[in-house]
Every structure is written in structure tokens, then in C-alpha cells.
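Below you'll find the structure, written out as C-alpha cells, and then a few comments.
The values are calculated or read from the model by the stated rules, or taken from the named source; none is laboratory data. What you see is a predicted model, and the numbers here were worked out from it, not measured in a lab. Backbone-built Cβ (ideal geometry, glycine too); neighbour counts: all protein chains shown.
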Amino acid sequence: MKFSISIFSVVVASLWSAVLPTNAQVNVTQEHNNLSRDGVYIDAAFTPSAAANLTRDLGFDGTIVGNVYAQPLYIEGGPNGAMIIAVTESNNVYALNATTGQVIWSRTNIGPPVTSGLPCGNINPAGITGTPVVDLASRSLFFDALIDGPTKKHFIFSLNVDTGATNPGWPVDVNATATYNGITFSSLVQEERGGLALVNGIVYVSYSGYNGDCGTYHGWVVGVPINNPSTVGAWATTAIGGGIWGHGGVASDGTNMFVVTGNTFNTGGNWMGGEAIIRLQAGPTWTGQPTDYWTPTNWFSLDNSDTDLGGVSATVIDVPGATPSQLVLALGKDSNAYLLNRNNLGGIASPVTAANVGGINRGTSAVTYHTSQGTYFGFHNDAGSIAARKVTATSPPTIVSAWTVSQSGRGSPWVTTTDGTNNVIVWVA
């Protein structure tokens with residue numbers, strides 16, 4: 001798998017704050033706002049007229065140190081008022097005043113980022129890449145940091161989101177704690193790109209390799225119970241490769257977790273976890289049964305051509321009236337969109353439905369949204385456009401073209417709506 005990640009600017013947060021009413025309750029605690037990774041933000045303030053007059057708040061400073069690859073988060077309810085949480089590749093963590101951008105607290109002592117010595121890669125320095133997650137109940141912020149030293153290591157941290165103090169029992173040394181079926185975790189060849197997910201008291205972190213497919217990396221999902229961080233669970237692809245590259249990381253329907261893997265190596269034609277949608281249970285645990293994975297019948301050809309299914313992370317999507325209606329979406333580098341029954345993925349088989357959507361899908365996240373006209377997903381790929389497809393409420397559902405707008409950027413779309421179905425606006429940077 002070979003692609004770069006687009007930088008998400010904290011400037012976006014200053015635009016967002018300019019339109020919010022002071023009494024809005026719109027905590028943004030994770031990547032793309034929801035565990036489904038649908039990218040939908042419901043707020044009555046985002047009417048078409050308000051959106052048309054959106055301007056940058058020049059009173060917002062937001063000066064921080066380091067490159068920002070992770071989505072900033074927006075947190076209310078603490079003693080400091082509304083905050084924006086931003087993390088950087090310099091391993092710096094900031095809580096900013098959401099109105100002024102001034103620093104409320106910062107952590108610049110997490111540990112030195114990695115600037116040399118990796119076998120490959122395209123992020124330098126490499127520190128905190130994936131989007132953190134916040135647990136509002138415990139007021140805790142979770143993130144993964146790559147820290148330099150005699151042995152380069154990933155650590156999963158938990159901080160008090162209101163003070164920046166490290167919570168007791170953290171951080172977790174991933175090298176020392178993550179194993180799966182005799183496979184041990186090596187940060188030297190594992191990169192953390194995806195957004196973290198918090199599902200029923202366990203924080204999940206996904207890992208790929210570094211840009212260039214170097215070394216004996218695997219696709220990994222590591223789970224840490226937030227109230228017992230000494231107990232670490234993990235799942236990994238059996239084959240070398242199979243990285244979880246999409247920056248949505250781990251998606252969930254609230255019970256099960258879904259990840260999409262990339263190409264694997266030296267399989268001899270035996271499927272070993274790559275080019276697949278994987279459904280994980282709590283822990284994470286994986287049954288290995290066809291209900292809990294799907295890979296296209298041409299997976300081996302995709303492997304051999306580095307045409308990852310996992311260029312874009314999984315998105316959970318519900319289509320009322322369709323059979324099946326509870327679906328999961330994957331967008332591949334092969335230009336196809338795939339919809340699967342997330343309650344029975346099907347193994348090595350044809351999908352519920354698929355469609356060629358043009359371009360190479362990689363390095364971004366999709367969105368899904370509902371209007372009075374039906375259910376849609378939107379995406380941004382290498383074809384130089386932002387586009388949407390409608391998923392029909394039929395048995396089985398099908399994918400049909402909805403609209404396409406030329407746009408040459410590489411940012412991921414997101415969606416605002418005033419109530420969940422009205423005044424839907426698809427945004428892209």
C-alpha cells in the first residue's frame with residue numbers, strides 16, 4: 001500500500017466555531033464524529049444561508065507546533081469551557097480555547113517523535129498520526145504516539161481531557177503487550193494511521209505498515225479496556241501485509257468492529273487476512289468464520305497488483321427498506337464500491353452489490369447520509385471530483401449515480417444537516 005495522508009488544518013475548527021450558537025451541544029469526540037464513521041454532524045445552525053456566509057474567524061489564533069494529520073476534536077462540559085483538542089506529529093497535544101484559539105493546556109513531553117531509522121515511510125517526523133477519541137463519561141482522551149529511542153515504540157496514552165495529566169495505569173507499551181497467535185508487534189514496521197474507536201469500554205487502535213510496504217508488518221487491531229489497561233487484546237492478519245491503511249481506522253455498529261485490510265505477501269494463493277472487510281467482536285476477538293470476513297473472489301489478483309481493498313476505511317450504513325438493510329461499505333483502489341451484509345459478511349464471495357465509481361479510492365474517508373429521497377454515500381478519489389451514489393431500498397440494494405462535482409483536492413468529505421435529513425450539505429476541503 002502506498003499513499004500519503006492529507007493534513008487536516010486546525011483552521012477548519014475556527015471556521016466551524018464561527019457558525020455555532022453559544023448554547024450548542026455538539027461534542028465531536030472521534031474521527032468523522034460517529035462510530036459508524038458516517039461523517040455526519042447534526043446541528044440546527046448549519047442552514048444553507050449560514051453556510052453560504054461562513055468565514056474564517058480572524059480572532060482565532062490556534063498556533064501550535066507540529067504537523068497535524070489527525071482530525072481536531074471539539075469538547076464541551078469541562079471547567080475550561082469549550083475546547084478544541086489537537087495533536088501533532090511532533091508528539092504535542094493541545095487543548096485550545098474554542099473561541100480564541102489560546103492554549104488552555106499542552107503536553108510537549110509525551111516523548112520524542114521518530115525522525116530517522118525507519119525502514120521506509122513518508123511522514124517525518126512521525127509521532128501522533130491517527131485521530132484520538134474522547135470518553136466524555138470519564139473525561140479521558142486516548143491517542144497513539146510513536147516515540148523514538150533505542151527501540152522505537154508505539155504507546156497508547158490516556159490523558160485527563162480537562163488538565164492534560166496522564167491517567168493512572170497509562171500509557172500502554174504496544175510492543176510489550178500485543179500478541180496474536182504467536183505474532184508479536186514491532187513498532188519498527190507498524191504505523192498507526194486510523195482514528196481510534198471507543199466501543200463498550202474498550203479503546204481500539206488499528207495499525208498498517210509504513211509507506212513503501214517494508215518489513216514484516218501485519219494489519220493489527222489492539223484493544224485496551226479503559227478501566228483495566230493492563231489487559232490488552234489484539235488481532236492481526238496471518239500473512240505479512242494486510243495493513244489497515246484508511247484513516248477512519250476502526251468503525252463500529254456499537255457492538256462489532258469493522259476494519260478493511262490491504263494487500264498481503266507470500267500467501268501462495270491461500271487467503272490469510274488481506275484485501276478484506278473483517279468483523280471483530282469485543283476484545284478484539286475474531287471467529288475466522290465466513291460470517292466475519294469478506295474478500296472479493298479476485299483477492300489474489302488484487303494482492304499481486306497492490307490494488308488494496310483497504311485504501312478507504314469501513315463505513316457502517318443503514319438503508320431502511322432494503323434487504324439486507326444493515327450494511328458496511330468499502331471503497332477499493334480498484335475503483336469499486338462494495339456493500340456487504342454486516343451481519344453475515346460471506347467469506348470469499350460476491351458482495352451484496354458493487355459498482356465501479358471511477359478513480360482510485362485511497363487516503364480518504366467516505367460519508368453516508370439520509371435525505372427524504374433516500375440513503376447516499378459520498379466520496380473523494382483520484383478522479384478529481386467529489387461524488388455521491390444512492391443506495392436503493394430494494395432487495396438486494398443497488399448503487400446508482402446521484403451527483404458529481406469537479407474538485408481536485410484530496411480531503412475527505414463530511415456532512416452537516418439541521419436535523420438528520422434536512423438541509424444536508426456535503427463539505428470537502
Some residue of the range 307-324 being buried (at least 21 other Cβ atoms within 10 Å of the Cβ), farther than 28 Å from Asn181 by Cβ and more than 23 Å from the chain's Cα centre (by Cα): yes
Hits in the range 402-427 (condition: part of a loop (DSSP other than H, G, I, E, B) and hydrophobic (A, V, I, L, M, F, W, C)): Val424
Residue, nearest to Cys214 (Cα to Cα), within the range 113-147, restricted to residues that are in contact with a Gly (Cβ under 7 Å, 6 or more places away or on another chain) and among the charged types (D, E, K, R): Asp144
Leading residue by the ranking (nearest to Tyr207 (Cα to Cα)) among those in the range 130-151 that are out of contact with any Pro (no Cβ under 9 Å at 6 or more places or on another chain) and crowded, with 19+ Cβ neighbours inside 10 Å: Gly130
Considering residues of the range 275-297 that are more than 19 Å from the chain's Cα centre (by Cα), surrounded by 13 or more Cβ atoms within 10 Å (Cβ to Cβ) and not hydroxyl-bearing (Ser, Thr, Tyr) only, the residue nearest to Thr177 (Cα to Cα): Trp286
Wholly enclosed strands (runs of 3 or more DSSP E) of the range 158-238 bearing at least 2 residues under 24 Å from Asn122 (Cβ atoms) and in contact with a Pro (Cβ under 9 Å, 6 or more places away or on another chain): 220-225
Some residue of the range 331-348 being surrounded by fewer than 17 Cβ atoms within 10 Å (Cβ to Cβ), under 18 Å from Gly384 (Cβ atoms) and not hydrophobic (A, V, I, L, M, F, W, C): no
Criterion violated by Arg193 - all others in (1) more than 30 Å from Phe60 (Cβ to Cβ); (2) charged (D, E, K, R); (3) in contact with a Ser or Thr (Cβ under 6 Å, 6 or more places away or on another chain) satisfied: (1)
Criterion: modelled with pLDDT of 95 or more and under 17 Å from the mean Cα position of the chain (by Cα) - qualifying residue of Gly378, Gly363: Gly378
Residues located in the range 350-360, provided they are at pLDDT 95 or above and among the small types (Gly, Ala, Ser): Ser350, Ala354, Ala355
Residues that are small (Gly, Ala, Ser) and surrounded by fewer than 24 Cβ atoms within 10 Å (Cβ to Cβ), drawn from the range 255-274: Gly268, Gly269, Gly273
Cross-chain or 6+ apart pairs with Cβ under 8 Å, the range 300-316 first and over 17 Å from Met272 (Cβ atoms), then surrounded by 22 or more Cβ atoms within 10 Å (Cβ to Cβ) and acidic (Asp, Glu): Thr315/Asp38; Val316/Asp38
Odd one out for Gly310, checked against (1) in a helix (DSSP H, G or I); (2) modelled with pLDDT of 95 or more: (2)
From the options Ala50, Ala44, residue that is over 23 Å from the mean Cα position of the chain (by Cα) and loosely packed, with under 15 Cβ neighbours inside 10 Å: Ala44
Residue list for the range 129-154, filter: touching a Leu at 6+ places or on another chain (Cβ under 8 Å) and hydrophobic (A, V, I, L, M, F, W, C): Val133, Val134, Leu141, Phe142, Phe143
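Looking at the range 199-247, which of the residues that are of a type in the set (Gly, Ala, Ser) and closer than 18 Å to Gly283 by Cα is surrounded by the fewest Cβ atoms within 10 Å (Cβ to Cβ)?
Of everything passing the filter in the range 199-247, Ser230 is surrounded by the fewest Cβ atoms within 10 Å (Cβ to Cβ).
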Residues located in the range 141-157, provided they are β-branched (Val, Ile, Thr) and part of a strand (DSSP E or B): Ile147, Ile156
Among (1) touching a residue at least 24 places away in the same chain (Cβ under 8 Å); (2) more than 21 Å from Gly130 (Cα to Cα); (3) assigned to a loop (DSSP other than H, G, I, E, B) - the single one Gly243 does not satisfy: (2)
Test set (1) over 28 Å from Gly212 (Cβ atoms); (2) under 18 Å from the mean Cα position of the chain (by Cα); (3) among the β-branched types (Val, Ile, Thr) - Ile104 fails condition number: (2)
Extreme residue, farthest from Ser206 (Cα to Cα), among residues of the range 319-337 that are out of contact with any Leu (no Cβ under 7 Å at 6 or more places or on another chain) and of a type outside the set (S, T, N, Q): Gly321
Residue within the range 399-411 that is closer than 18 Å to Tyr41 by Cα and either hydroxyl-bearing (Ser, Thr, Tyr) or surrounded by fewer than 23 Cβ atoms within 10 Å (Cβ to Cβ) (or both) present: yes
